[in-house]
Amino acid sequence: MAGVLFLLLGGCVPADSPSDLELDPLMLRMQIHTEKLYYAGKAENWELTGFYLHEVDENIEDLEAAQIIEEGVDVGKRARDLIGPRVEALEEAVKNQSRSAFISGYGTLIDGCNQCHGATEHGFIHIEVPKGPTRYSQRFAPVGAPTEP
Ligand code: HEC
């Protein structure tokens with residue numbers, strides 16, 4: 001049954017290889033967690049920031065487990081090597097509760113995302129530091145604190 005479904009889906013989207021079908025949802029998840037990470041850090045909600053850093057790291061683990069090769073790039077391994085240390089630098093910023101270290105480290109993380117998009121012929125997927133207020137129905141400032149600390 002799963003095989004039949006797969007064939008049917010494959011027939012509907014002939015341009016997608018199985019690895020595209022696997023990688024795209026992982027990247028969408030990465031984008032959401034990375035974006036929420038920004039709002040949490042900007043609001044100096046260190047507990048929530050730590051939570052999203054952990055989620056980003058788990059996304060890297062999922063990329064490693066998926067073992068996808070894109071334009072000759074081992075996506076999981078490259079993600080670990082390229083953005084793993086940038087996530088660790090942000091963990092340090094959280095430990096030190098440093099908003100300025102977080103903001104500059106976040107820009108470095110986003111550069112890492114775009115470096116790999118370039119290396120895998122997806123440079124047209126360009127991630128940016130979020131601008132303006134959040135579109136999420138979620139509080140990013142610590143509960144009980146003013147919205148803009
Ligand atoms: C090691 C390589 C690599 C890294 C690192 C990487 N990406 Fe990607 N990303 C890709 C590839 C390859 C695709 C194209 C996937 C496809 O073909 O479906 C992609 C696609 C995407 C997409 C498009 C998904 C869509 O449907 O709109 C988004 C968004 C994205 N990445 C976000 C990120 C973010 C945010 C980061 C950093 C936190 C990141 N990526 C880091 C390789 C990478």
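Going residue by residue through the range 87-97, is there one that turns out to be in contact with a Leu (Cβ under 8 Å, 6 or more places away or on another chain), within 19 Å of M27 (Cα to Cα) and not hydroxyl-bearing (S, T, Y)? Within the range 87-97 (the criterion being in contact with a Leu (Cβ under 8 Å, 6 or more places away or on another chain), within 19 Å of M27 (Cα to Cα) and not hydroxyl-bearing (S, T, Y)), the answer is yes, since at least one residue qualifies. Across the range 92-129, the qualifying residues are those that are surrounded by 13 or more Cβ atoms within 10 Å (Cβ to Cβ), in contact (Cβ under 8 Å) with a residue 12 or more places away in the chain and of a type in the set (S, T, N, Q), and the one among them that is farthest from A65 (Cα to Cα) is T108. Just to be sure, is A89 surrounded by 14 or more Cβ atoms within 10 Å (Cβ to Cβ), under 13 Å from the mean Cα position of the chain (by Cα) and small (G, A, S)? Against the criterion (surrounded by 14 or more Cβ atoms within 10 Å (Cβ to Cβ), under 13 Å from the mean Cα position of the chain (by Cα) and small (G, A, S)), A89 does not qualify.
For the range 16-41, the set of residues classified as modelled with pLDDT under 95 and more than 10 Å from the ligand (Cβ to nearest atom) consists of P18 only. The number of residues in the range 49-80 being under 19 Å from I110 (Cα atoms), in a helix (DSSP H, G or I) and not acidic (D, E) comes to 16.
Could you please find all residues in the range 29-65 being of a type in the set (V, I, T) and buried (at least 17 other Cβ atoms within 10 Å of the Cβ)? Steps first, answer last, please.
Of the range 29-65, the ones of a type in the set (V, I, T) are 32, 34, 49, 56, 60.
Scanning the range 29-65 gives T34, T49, V56, I60.
The values are calculated or read from the model by the stated rules, or taken from the named source; none is laboratory data. Just so it is clear, the model here is predicted, and its values are computed rather than measured. Quick reminder, even Gly has a Cβ in these numbers, built from the backbone with ideal geometry, and neighbours come from all protein chains shown.
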